[in-house]
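In what follows, a single structure is set out as structure tokens and then discussed.
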Amino acid sequence: MLDVSLSKVDRPLLRDEAYERIRHAIVDGTLPPGTPLRDGDLAEQLGLSKAPVREALRRLTEDGLVDSKPQSYTRVSEVMSSDVLDAREIVRALHEFAVKQAVAKCRPADIAAMRAANDRFAAAIEAGDVKAAVKADDELHDIPVRLAGNAAVAATLDRYTPLLRRLEQTRFSSALAWNSVERHRWLIDALEARDTATAVSVISTIWTDLLEDR
């Protein structure tokens with residue numbers, strides 16, 4: 001029996017809800033790397049039949065969060081893999097694009113919102129609250145993505161960012177998190193100055209160093 005507690009699905013969006021619940025449990029570490037994923041156990045935990053759980057596991061395998069070999073195993077993927085490296089490249093390129101588009105659109109209110117998010121991020125790091133740090137980091141980076149106004153970019157980031165989330169959690173629980181605070185400030189300053197080259201360079205460094213500052 002799978003020794004975790006997943007709340008039951010209480011509405012009829014079965015496949016999508018199963019996918020979201022299992023993905024969240026993988027990303028936040030409730031289901032750590034290497035955990036065997038048995039459709040029967042997960043279905044019982046979620047209060048579902050096996051069919052939507054199997055579909056969710058198939059999608060999570062495509063996302064790179066689950067490793068599966070037919071008739072052999074289905075398990076949570078390791079934190080580092082070729083899928084993670086590929087996702088990092090996609091996420092970095094899309095954030096570079098979003099920042100480039102956002103430079104001319106940033107208003108004082110957007111800059112203020114990013115600074116406030118970075119203040120929350122720094123406070124969360126100081127308190128050792130990794131969950132709050134991830135939330136504040138998302139809020140900060142979501143502003144240029146929103147300003148870019150490209151739905152395909154937003155949707156692709158929503159798919160691939162979770163593959164990097166476990167690396168972010170490791171980083172944000174270490175002293176390296178303070179590097180992120182500083183780089184956020186550089187990014188915000190560049191956006192405020194409408195300095196496209198510097199803003200793109202900083203956002204690129206933020207995502208590159210997610211792997212290289214380990």
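A few points about this structure:
- Number of residues in region 36-52 that are under 24 Å from V84 (Cβ atoms) and surrounded by 19 or more Cβ atoms within 10 Å (Cβ to Cβ): the value is 2.
Residues checked against (1) closer than 19 Å to R58 by Cα; (2) charged (D, E, K, R); (3) surrounded by fewer than 13 Cβ atoms within 10 Å (Cβ to Cβ); (4) assigned by TED's automatic domain parsing to the domain that holds H24:
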{"residue": "S68", "(1), (2), (3), (4)": "yes, no, no, yes"}
{"residue": "R88", "(1), (2), (3), (4)": "no, yes, no, no"}
{"residue": "A93", "(1), (2), (3), (4)": "no, no, no, no"}
{"residue": "K105", "(1), (2), (3), (4)": "no, yes, no, no"}
{"residue": "D110", "(1), (2), (3), (4)": "no, yes, no, no"}
{"residue": "M114", "(1), (2), (3), (4)": "no, no, no, no"}
{"residue": "A117", "(1), (2), (3), (4)": "no, no, no, no"}
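- Screening G40 against (1) at pLDDT 90 or above; (2) under 26 Å from L157 (Cβ atoms) leaves a single unmet condition, (2).
- Complete set of residues in region 52-67 that are at pLDDT below 90 and small (G, A, S): G64
- Test: residue in region 70-81 that is buried (at least 19 other Cβ atoms within 10 Å of the Cβ), modelled with pLDDT of 90 or more, within 17 Å of P33 (Cα to Cα) and among the hydrophobic types (A, V, I, L, M, F, W, C): yes
The values are calculated or read from the model by the stated rules, or taken from the named source; none is laboratory data. Keep in mind it's a predicted model, so treat the numbers as computed, not measured. Counting neighbours? That spans all protein chains shown, and the Cβs are built from the backbone with ideal geometry, glycine included.
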